[in-house]
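**Student:** My questions all concern the structure below.
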Amino acid sequence: MLSDPTRLVFPPHFRWSTATSAFQIEGSRSADGRGRSIWDDFVDVPGAVKDGSKAEPSCDSYRHPEADITLVAGLGVDHYRFSIQWARVQPDGAGPANAAGLDHYSRFVDALLEAGVAPFPTLYHWEMPSAVEADGGWLNRDTAERFADYVALVADRLGDRVPQWYTLNEPAMTTLQGYATGALAPGKQLLFGALPTVHHQLLAHGRAAEVLQGRGARRVGLVNNHTWVLPLHDTDQDRAVAAVYDTIHNRIFSEPLLDGSYPDLEALGLPAMPVRSGDLELIGGSIDFYGVNFYNPTTVTAANGESPIPFDIVPTPGVPVTGFGPEWPIMPEALRDLLIDLHRRHPQLPPVIIGENGASFPEPESAGRVEDADRIGYLTGHITAVAEAIEAGVPVTEYTVWSLLDNWEWADGYTQRFGLVHVDFATGERTRKASYDWYRDFIADARAGASSARDAEVAQ
């Protein structure tokens, strides 16, 4: 790794961002005609959320968006990645738009622009209307068309001011945790029976990209959660199951988008995708950038013969961990290696955006100043890894910290804190952590370094 992060040099037009998602911060779950989503259903299941919380009021950002915009602007980021709730815009996932929902997001976009920050919305951050799930959700091919209809409603209202869009967030987690294991909404436990949701999500992305590009969008992409897969033992058996896991977490999503084809699933004992004529052409030509969310590597070993799946996910030996414990090991070089490998597999790789990167660490529920040195160390290591990947030729153009705010962390409720800003969930008070100031200063220094490098090139 590069020894001195203050000497990192990024390309002149490199962009810096931070992110949130709507269900995690907005609260106001029944306000202004919002419909019910799969997460409203999930939080009502006893024991589904670790602390029994229900994302209400969370950060109360629906009623007080101005507080978040002030914090975003103070960081000096180029973009703010936020999400739009499908159930706020189209409460039943069909029919006309809910005007109040679109009005909210329209005002929010205007306020960001007035603050000098470019909006970078995500159209689906896991918030599917319950009515769509009741009709099969991502197991149903028709959901791709319903999603495209919703996207058209949003683009017709916001497209004159928003030139760049993420369509789907982390389809791998929707498939693996939402439909395969049930750890996230909609809470299905279908194991490999969940794999058709991969294709239907990619198809939805492709249809959404058509809609957005037809309405003048300049940049459209998808962001997936990627992980660097490591075999626990240097054995043929562990290497084989690592290849299976790498395929279902990473390659089954990236290869259709980047190469226009799925990996050889049947060779790995996996079911084929439900592809129809024209699907892969639509998916393969759909992105202007490729988004990578990265948090940690994943170590796997061969499962025993009685397991319904061939691998076990195990702790990564010899590395520190985040507040999630062994589930989320810290290995910044894994991000570098993943990006370099992605470029090796796909030499014509489009611009890459790091759409999320961050870490949760134990912090007090109410606090003044939080000196979160562990988070600063995590971010420093991973930004350094991005710089090394760029030096190796990977076309990374943007980096995004997750998250701007401490928020409601899905099935973990309020037990994990990712924010650059501490939120007292009892009062809503926001307090900048040491990592907020560090990231603000890092961005300023990086821009100054890029400017100096550009001036030196001109002088030569």
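The values are calculated or read from the model by the stated rules, or taken from the named source; none is laboratory data. Keep in mind the model is a prediction, meaning the values are calculated, not measured. Don't worry about glycine lacking a Cβ; one is built from the backbone with ideal geometry, like all the others, and counts go over all protein chains shown. What goes into the accessible areas is simple: the full protein's heavy atoms, side chains included, and nothing from ligands, DNA or RNA. Shrake-Rupley method; radii C 1.70, N 1.55, O 1.52, S 1.80 Å.
**Student:** Taking the Cα centre of each part, how many Å lie between segment 395-423 and segment 180-212?
**Tutor:** The two parts, judged by their Cα centres, are 23 Å apart.
**Student:** Right, next: Relative contact order for segment 206-316: what is it in percent, counting Cα pairs under 8 Å that are at least 6 residues apart? List each step's numbers first, then the result.
**Tutor:** Numbers: 157 pairs, mean separation 41.7, N = 111.
RCO, segment 206-316: 38 percent.
**Student:** Hey, what did segment 123-234 get for relative contact order, percent, Cα under 8 Å, at least 6 apart? Write out the running numbers ahead of the final one.
**Tutor:** Working: 151 pairs, mean separation 38.7, N = 112.
It comes to 35 percent, rounded to a whole number.
**Student:** Percent of Cα-Cα pairs more than 19 Å apart in segment 335-405, please. Mind showing how you got there, number by number?
**Tutor:** On the way: 1026 of 2485 pairs.
When every Cα pair of segment 335-405 is considered, 41 percent fall beyond 19 Å.
**Student:** Determine the per residue accessible area of the chain with all protein chains present and a 1.4 angstrom probe, expressed in square angstrom. Don't jump to the answer; show the numbers that get you there.
**Tutor:** Working: 17150 Å² over 460 residues.
In whole numbers, the chain has 37 Å² accessible per residue.
**Student:** Another one. So how strong a dipole does segment 188-253 carry about its Cα centre when Lys and Arg Cβ are +1 and Asp and Glu Cβ are -1, to the nearest 20 debye? Intermediate values should be presented prior to the final figure.
**Tutor:** On the way: 7 positive and 5 negative charges, 117 e Å.
Using only the charged Cβ atoms, the result is roughly 560 debye.
**Student:** Cα gyration tensor of segment 49-92, axes a ≥ b ≥ c as square roots of the eigenvalues: rounded (a/c below 1.5), prolate (a/b > b/c) or oblate?
**Tutor:** It is oblate, given that a/c is not under 1.5 and a/b is not larger than b/c.
**Student:** Right, something else. As I understand it, the dipole of segment 353-435 uses +1 on the Cβ of Lys and Arg and -1 on the Cβ of Asp and Glu, about the Cα centre. Which of P395, S366, F418 lies farthest toward its positive end?
**Tutor:** About the Cα centre, the residue reaching furthest to the positive side is S366.
**Student:** Counting alpha carbon pairs within less than 8 Å and at least 6 residues apart, what relative contact order, in whole percent, applies to the chain? Spell out each step's value before the answer.
**Tutor:** Details: 940 pairs, mean separation 84.0, N = 460.
Relative CO of the chain lands at 18 percent.
**Student:** Follow-up question, since we're still on this one. Would you please put 282-290, 118-126 in order of how densely packed they are, using the mean number of other Cβ atoms within 10 angstrom per residue and starting with the highest?
**Tutor:** Working: 282-290: 19.4, 118-126: 23.6.
Ranked by mean Cβ neighbours within 10 Å, highest first: 118-126, 282-290.
**Student:** Moving on to the next point. Take the alpha-carbon centre of segment 96-118, take the same for segment 2-74, and report the distance between them in whole Å.
**Tutor:** With segment 96-118 and segment 2-74 each reduced to a Cα centre, they are spaced 16 Å.
**Student:** Please report, for the Cα atoms of segment 14-74, the Rg to one decimal and the Dmax as a whole number; what are they, in angstrom?
**Tutor:** Using the Cα atoms of segment 14-74, the pair Rg, Dmax is 13.9, 45 Å.
**Student:** Sorted by average packing, counted as other Cβ atoms within 10 angstrom per residue and highest first, what order do 111-117, 32-38 take? If you can, show how the numbers build up before the last one.
**Tutor:** On the way: 111-117: 15.7, 32-38: 20.0.
Going from most to least packed, we get 32-38, 111-117.
**Student:** Answer rounded, prolate or oblate for segment 281-331, using the Cα gyration tensor with square roots of eigenvalues a ≥ b ≥ c: rounded when a/c is under 1.5, else prolate when a/b is larger than b/c, else oblate. All intermediate terms of the calculation are to be shown ahead of the outcome.
**Tutor:** Numbers: a/c = 3.91, a/b = 1.42, b/c = 2.76.
The shape class here is oblate.
**Student:** Shifting gears a bit: Which of the aspartates and glutamates could a cross-linker bridge to K188, judged by Cα under 20 Å and excluding same-chain residues fewer than eight apart?
**Tutor:** D40, D41, D44, E127, E133, D135, D142, E170, D312, E409, D412
**Student:** On to the next question. Given a 1.4 Å probe and every protein chain left where it sits, what share in percent of the accessible area of the chain is carbon and sulfur? Don't jump to the answer; show the numbers that get you there.
**Tutor:** Values: 8700 of 17150 Å².
Summing carbon and sulfur atoms, their accessible area is 51 percent of the total for the chain.
**Student:** Suppose every K and R has +1 on its Cβ and every D and E has -1 on its Cβ; what is the size of the dipole of the chain about the Cα centre, in Debye to the nearest 20?
**Tutor:** Working: 35 positive and 62 negative charges, 153 e Å.
Around 740 debye, computed over the chain.
**Student:** Also, I was wondering about something else. Have a look at segment 135-225 and give its Rg and Dmax from the Cα atoms, expressed in angstrom.
**Tutor:** 13.8, 42
**Student:** Calculated from the structure, mean projected area of the Cα convex hull in nm² equals which of (1) 22.8; (2) 21.5; (3) 24.7?
**Tutor:** From the options (1) 22.8; (2) 21.5; (3) 24.7, the structure gives (2).
**Student:** Using the charge dipole of the chain (Lys, Arg: +1 at Cβ; Asp, Glu: -1 at Cβ; taken about the Cα centre), state which of G278, W39, P196 has its Cα farthest towards the positive end.
**Tutor:** G278
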